[in-house]
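Down below is the structure, laid out as structure tokens.
The values are calculated or read from the model by the stated rules, or taken from the named source; none is laboratory data. Worth saying up front: this structure is predicted, and the values here are computed from it rather than measured. With ideal geometry, Cβ positions are generated from the backbone for all residues, glycine too; neighbour counts draw on all protein chains shown.
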Amino acid sequence: MTTENETLKELVHKLQRANEELERFAYVASHDLKAPLRAISNLAGWIKEDIDSGSVTAETQSHLKMMLSRVTRMDKLLDDLLTYARVGKNKDSLELIEIDDLINSVIEVLPIKKFEIIVESGLSSFVAERVPLEQVLMNLIGNSIKHHTKKSGTITIGIESNDTHLQFTVSDDGPGIHLSQQEEAFQMFKTLKPRDEVEGSGMGLALVKKIVESQGGTIGIVPSKTGLSIRFSWTNYV
Amino acid sequence: MFSVLLIDDDSVDVMTLQRSFRKHPIMKKAKIHTAKNGREALDKLLSGEVDPTIILLDLNMPGMDGLQFLDHVRSTESLSKLRILVLTTSADRNDIQQATDKCIVGYIKKAKAGDYTTLTDLLYHYCSLTEK
């Protein structure tokens with residue numbers, strides 16, 4: 001009887017979470033998806049005014065450029081939203097993953113340039129779904145690089161395990177996330193800086209959280225005096 | 001002359017307001033200051049860099065958002081009497097309630113470019129009433 005109750009409780013909990021997510025999405029979509037559309041509409045109007053009055057200037061050109069960049073922004077928002085919705089739909093096969101190999105394939109596709117990557121691991125390999133793990137690491141390391149204020153820095157990846165879970169910690173020496181913004185960091189569409197300053201959909205950490213949770217893990221920001229340190233767990237298929 | 005502080009993270013929304021002001025015979029002479037979020041705005045106000053006749057405040061911004069900014073302003077003696085008009089896309093009843101509770105001059109929903117003539121007229125009338 002108790003296992004049935006537990007399953008029911010779990011289902012109810014899942015449903016509540018899903019409903020909360022939907023409500024949040026509806027609220028946020030009306031702001032973040034409409035914003036580029038509103039900008040495009042305004043910019044198009046000004047360009048039309050210039051054409052109608054016969055005075056096409058450098059400002060007109062810059063308005064057109066801004067319009068195109070808003071289109072790209074919206075496109076990316078929708079792509080990232082779709083990726084987010086798809087998390088957990090397809091289960092990949094489990095494979096033996098060598099840590100050096102994993103880190104190398106992640107770093108290969110990122111603009112590492114002058115950044116130093118340090119791996120501190122108690123293990124050399126483990127068994128897990130490779131693609132989602134790569135996605136998470138790519139996102140976290142990519143974020144560290146993107147938000148760093150200097151052209152070089154240090155990113156440390158710590159890997160540990162216990163009987164049930166693997167534990168990863170990605171830490172950097174960048175500007176970090178202010179305490180007041182940490183709570184909302186994993187929410188959908190939340191960016192650290194205005195999109196006009198740093199382009200980004202704001203879906204990165206939300207995606208990472210969803211993937212981690214679909215792998216039976218949890219994720220959070222580790223308190224640190226400097227930089228940013230994110231720790232997440234992942235089911236260990238020993 | 002009037003001084004207006006626009007607190008908004010979206011550069012096109014800021015441009016839209018600036019263009020509306022430019023078309024108004026009096027408001028075109030107003031000094032316009034901008035800030036991308038509540039924190040930046042607070043810094044400019046506390047340092048004395050900006051002493052606005054009125055503030056236009058967006059609610060959704062990364063960093064310190066509009067409601068948090070309102071909280072800070074209303075609980076800081078030197079800033080508590082600032083006139084603030086909320087200009088946002090949010091039609092959320094909770095946002096409207098929370099903002100109104102913090103004594104705002106008005107709550108206006110962002111619209112397409114053409115519709116800011118009414119807002120600009122309103123701002124002109126308000127500024128000429130309250131300017132010392």
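Annotations for the structure displayed:
- Assessment of the range A:147-159 against the conditions (in contact (Cβ under 8 Å) with a residue 24 or more places away in the chain and within 14 Å of another protein chain (Cβ to nearest Cβ)) yields at least one matching residue.
- The residue of the range A:24-54 that is surrounded by the fewest Cβ atoms within 10 Å (Cβ to Cβ), among those that are at pLDDT 85 or above and among the acidic types (Asp, Glu), is A:Asp52.
- Count of the range A:103-132 residues which are out of contact with any Leu (no Cβ under 7 Å at 6 or more places or on another chain) and either over 18 Å from A:Val198 (Cβ atoms) or part of a strand (DSSP E or B) (or both): 20
- Test for B:Ser128: is it more than 24 Å from B:Phe2 (Cβ to Cβ) and exposed (fewer than 13 other Cβ atoms within 10 Å of the Cβ): no
- Of the numbered criteria (1) loosely packed, with under 11 Cβ neighbours inside 10 Å; (2) modelled with pLDDT under 90; (3) not small (Gly, Ala, Ser), the one A:Asp92 fails is (1).
- Single residue of the range A:56-77 satisfying the filter (under 16 Å from A:Thr191 (Cβ atoms) and not basic (Lys, Arg)) that is surrounded by the most Cβ atoms within 10 Å (Cβ to Cβ): A:Leu77
- Residues in the range A:182-200 that are of a type in the set (Asp, Glu), facing chain B (nearest Cβ under 8 Å) and touching a helix residue (DSSP H, G or I) at 6+ places or on another chain (Cβ under 7 Å): A:Asp196 alone.
- Qualifying positions in the range A:191-238 - among the hydroxyl-bearing types (Ser, Thr, Tyr) and assigned to a loop (DSSP other than H, G, I, E, B): A:Thr191, A:Ser201, A:Thr218, A:Ser224, A:Thr226, A:Tyr237
- When the residues of the range B:11-42 are filtered to those that are more than 10 Å from every other protein chain (Cβ to nearest Cβ) and polar (S, T, N, Q), the one that is nearest to B:Phe69 (Cα to Cα) is B:Thr34.
- The criterion of being within 11 Å of another protein chain (Cβ to nearest Cβ) and over 27 Å from A:Tyr237 (Cα atoms) does not hold for A:Val71.
- Pick from the range A:21-39, criterion among the hydrophobic types (A, V, I, L, M, F, W, C) and farther than 19 Å from A:Gly200 by Cβ, ranking: nearest to the other protein chains (Cβ to nearest Cβ): A:Ala26
- Considering only residues in the range A:128-151 that are closer than 13 Å to A:Val208 by Cβ and of a type in the set (Gly, Ala, Ser), the one that is surrounded by the most Cβ atoms within 10 Å (Cβ to Cβ) turns out to be A:Ser144.
- Residue check for A:Leu166: of a type outside the set (Lys, Arg), under 30 Å from A:Leu33 (Cβ atoms) and more than 14 Å from chain B (Cβ to nearest Cβ): no
- Yes/no for A:Gln182 being crowded, with 16+ Cβ neighbours inside 10 Å and within 19 Å of the chain's Cα centre (by Cα): no
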